[in-house]
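This report refers to the structure that appears directly beneath it.
The values are calculated or read from the model by the stated rules, or taken from the named source; none is laboratory data. Just so it is clear, the model here is predicted, and its values are computed rather than measured. Note that each Cβ is placed from the backbone with ideal geometry, even for glycine, and that neighbours are counted across all protein chains shown.
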Amino acid sequence: MNAEDDLTVVGEATNGSEAVRQALATRPDVVLMDIRMPELDGIKATAEIVRTRGLERVRGLILTTYDTDAYVFEALQAGASGFPLKDAGPAELLHAIRVVAAGDALLAPGSPVASSPSSPPGGSPLMSRRNGWRC
């Protein structure tokens with residue numbers, strides 16, 4: 001699971017509520033969220049994580065099969081920093097993780113909103129940087 005030297009997975013969640021609890025426990029730098037998750041969807045879980053005291057620096061990356069204005073807008077309103085599509089290849093996903101971990105925003109190529117600087121299906125790896133980026 002940790003095939004990249006600069007990335008480490010520090011937790012996984014099967015639903016949005018668990019992702020929020022894992023984020024509190026592990027204090028990751030980046031969370032990868034599936035947009036559709038049981039209990040609490042990925043957008044709501046991301047919003048809760050990035051607005052929780054002590055987790056303000058966590059960056060959200062929301063994965064989806066949907067490429068629509070509404071989801072992009074909701075994800076960005078929730079505080080997500082990236083919105084790649086699930087069909088992105090491994091290199092694209094790793095690039096997205098590194099971009100948002102560095103503090104930039106990134107949206108899927110061809111998504112309705114252009115990417116801008118600043119600011120596994122059914123589950124959510126949690127990413128963090130400690131001796132490299134940990135997930």
* Among ALA88, ALA47, which is buried (at least 16 other Cβ atoms within 10 Å of the Cβ) and of a type in the set (A, V, I, L, M)? -> ALA47
* Would you check if VAL30 is out of contact with any Gly (no Cβ under 8 Å at 6 or more places or on another chain) and not polar (S, T, N, Q)? => no
* **Which numbered condition ARG27 fails, given (1) of a type outside the set (Val, Ile, Thr); (2) buried (at least 19 other Cβ atoms within 10 Å of the Cβ); (3) over 12 Å from the mean Cα position of the chain (by Cα)** => (2)
* **Enumeration of residues in the stretch 24-46 that are out of contact with any Asp or Glu (no Cβ under 9 Å at 6 or more places or on another chain) and small (Gly, Ala, Ser)** => ALA25
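Take the residues in the stretch 105-119 that are at pLDDT 50 or above and either surrounded by fewer than 17 Cβ atoms within 10 Å (Cβ to Cβ) or farther than 16 Å from VAL31 by Cα (or both); name whichever of them is farthest from the chain's Cα centre (by Cα). Explain how you work it out, then say what you get.
The initial filter retains those residues of the stretch 105-119 that are at pLDDT 50 or above, namely 105-109.
From what is left, the residues that are either surrounded by fewer than 17 Cβ atoms within 10 Å (Cβ to Cβ) or farther than 16 Å from VAL31 by Cα (or both) are 108-109.
On the way: ALA108: 13, PRO109: 16 Å.
Only one residue fits best here, namely PRO109.
Residues that are under 17 Å from ASP104 (Cβ atoms): find the helices (runs of 4 or more DSSP H) completely inside the stretch 11-87 holding 3 or more of those. Give the steps one after another, and end with the answer.
On the way: elements: 16-26, 42-50, 69-77.
The qualifying helices (runs of 4 or more DSSP H) are 69-77.
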* Asked: When you go through (1) touching a Lys or Arg at 6+ places or on another chain (Cβ under 7 Å); (2) crowded, with 23+ Cβ neighbours inside 10 Å one by one for THR8, which number turns out not to apply?
  -> (2)
* Asked: Within the stretch 1-37, how many residues are within 23 Å of THR65 (Cβ to Cβ), at pLDDT below 90 and not aliphatic (A, V, I, L, M)?
  -> 2
* Can we say THR46 is at pLDDT 90 or above, among the polar types (S, T, N, Q) and closer than 17 Å to ILE97 by Cα? -> yes
* Would you be able to tell me the number of residues in the stretch 51-79 that are crowded, with 17+ Cβ neighbours inside 10 Å, closer than 23 Å to LEU24 by Cα and modelled with pLDDT under 90? => 7
